[in-house]
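Working notes, beginning with the structure itself.
Quick note: the coordinates plus some simple rules give every number you see, no bench work behind them. Just so we're clear, the structure is a prediction, and the values are computed from it rather than from any experiment. Glycine also receives a Cβ, built like all others from the backbone with ideal geometry; neighbour counts cover every protein chain displayed.
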Amino acid sequence: VEVTGNNGVYFKGYLKSFYDDEVLVSFENNWQPDRRVKLSSVRLPPKLGSNKPEFREDERVEVFGKVKDEDGLAWYPARIKMLKGEFAVVSSFWDANDILPLDKIRAVSQ
């Protein structure tokens, strides 16, 4: 599953237990202790498709990487500024620019 953090960031997690309106999750590489979160704070990751996505400049996407002021890796919102071959220049919501391979970029999950 993916667990929401601040500013639209989603961390990879694993369901351990279910409660009435919460779940107990553990985080990838144990970078955070297990914790209970509201069901509304958890989503399923998108299904992996066999088709390679076609991205466009100025498109809103999610990118996987290090998030400012966080220890773990996460999917966070960004916008594609430029595409070149198998790489993209992306701009994140905290005004950071980064060059990432296209396999670290996906369409915005709903």
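The table below lists the values:
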quantity	calculated
Full-extension gain in nm, Met82 to Trp31, via 0.36 nm per residue minus C-alpha separation	15.2 nm
Around Val25: net Lys/Arg minus Asp/Glu count, Cβ-Cβ under 9 Å	+2
Rounded FRET efficiency, nearest 0.05, which uses the C-beta distance separating Ile99 from Asp20 and R0 of 35 Å	0.20
Per DSSP, loop GluC sites (Glu not before Pro) in region 21-110 with at most 15 further Cβ within 10 Å	Glu54, Glu57, Glu70, Glu86
Relative frequency of Cα-Cα separations exceeding 13 Å in region 60-107, percent	49 percent
Stretch in the chain that is longest and holds no trypsin sites (Lys or Arg not before Pro) that DSSP places in a loop and that have at most 11 other beta carbons within 10 Å	57-110
Cα gyration tensor shape of the chain, rounded if a/c is under 1.5, else prolate or oblate by comparing a/b with b/c	prolate
Neighbour cut-off at most 13 other Cβ (10 Å), DSSP loop, chymotrypsin sites (Phe, Trp or Tyr not before Pro), region 1-49	Tyr19, Trp31
Distance between modelled label sites at Lys52 and Thr4, nm, 7 Å Cα→Cβ extension	3.4 nm
Global geometry of region 2-43, whether rounded, prolate or oblate, following the gyration tensor of its Cα atoms and the 1.5 cut on a/c	oblate
